[in-house]
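The structure appears below as structure tokens.
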Amino acid sequence: MKELFRMFTGFFKIGMFTFGGGLAMLPLIQKMAVDDYKWLTEEEMVDCVAVTQAMPGVIAINTATYIGYKRRGFAGALFSTLGVILPSFMIIICAVLLLSTIGENKYVDSAFTAITASSCALIMYSAIKLGKQVIKGAFGAVLAALSFFLVGILEVGVVPVIIGGGIAGIIYAGMNSKRIKEKTEKGDL
């Protein structure tokens, strides 16, 4: 029960004090889950992000659910998910009530502009940190650059790019195993 409470409060704090959505939460979730509580290894966290980003829904909620389930089953998933959802729910209710009374206000608009800029920095930090862990070798670098080009420049949907990346990885692995087998048969290895 103690660990379930720790999961709830950990995700609650992240949900309460992180602005900018799920991607901005990833560095904090990673620090908590990998460094602080050792719920996952670095490799498991990379797998977690890959799986949860490929699923429909908000990545922070998917990640919390994944980590909770992996660590403590259904109860862990429930506590982690509620922990990350409740702050947003409460903040949205308060914000709607507050903003409806304030209306247009240059100070509030400026605050939201600054929060958005800060969130972009958190998202970039998360992308760089995950990139360092995931991109290994020329194939990974080319695939990452191509994916960025397709999504960021050509505005191709994320789902086809993820599916294409998966297919490219399977083909690449097949080609590598074939080369290794040929070199082994020739005696080069």
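The values are calculated or read from the model by the stated rules, or taken from the named source; none is laboratory data. Bear in mind that the values here come from a model prediction, so they are computed numbers and not experimental data. Using ideal geometry, Cβ is built from the backbone for each residue, glycine included, and neighbour counts are taken over all protein chains shown. When the accessible area is computed, the model is the full protein with side chains, heavy atoms only, and any ligands, DNA or RNA have been set aside. Shrake-Rupley method; radii C 1.70, N 1.55, O 1.52, S 1.80 Å.
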Hey, can you find the accessible area per residue of the chain for me, probe 1.4 Å, expressed in square angstrom? 65 Å²
For the chain, size of Cβ-based charge dipole, Lys and Arg +1, Asp and Glu -1, in debye: 460 debye
Per-residue accessible area for MET32 at 1.4 Å probe radius, Å² rounded to 10? 10 Å²
Is there a quick way to get the dipole size of segment 14-119? I mean about its Cα centre, with the Cβ of Lys and Arg at +1 and of Asp and Glu at -1; what is the value in debye to the nearest 20? 240 debye
Can you tell me the Rg and Dmax of segment 16-74, counting just the alpha carbons, in angstroms? 10.7, 28
Note, ³J(HN,Hα) from phi for segment 140-157, Karplus 6.51, -1.76, 1.60, rounded to Hz, x at Gly and Pro: x, 5, 5, 5, 5, 5, 5, 4, 4, 4, 5, 7, x, 9, 7, 6, 6, x
Computed over all unlike Cα pairs, the Kirkwood hydrodynamic radius of the chain in Å stands at 19.0 Å
Using DSSP to call loops (not H, G, I, E or B), can you name the trypsin sites (Lys or Arg not before Pro) in segment 126-189 whose Cβ has at most 10 other Cβ atoms within 10 angstrom? LYS136
When the accessible area of segment 76-150 is split by element with a 1.4 Å probe, what percent falls to carbon and sulfur? 80 percent
Kindly express, to the nearest 10 degrees and within the range 0 to 90, the angle between helix 42-54's C-alpha long axis and the longest C-alpha principal axis of the chain. 70 degrees
Expressed in angstrom and rounded, the centroid-to-centroid distance over alpha carbons for segment 7-40 and segment 83-157 is 15 Å
Which entries of LYS2/LYS132; LYS106/LYS129; LYS136/LYS178 have Cα-Cα distances beyond 29 Å here? LYS2/LYS132; LYS106/LYS129
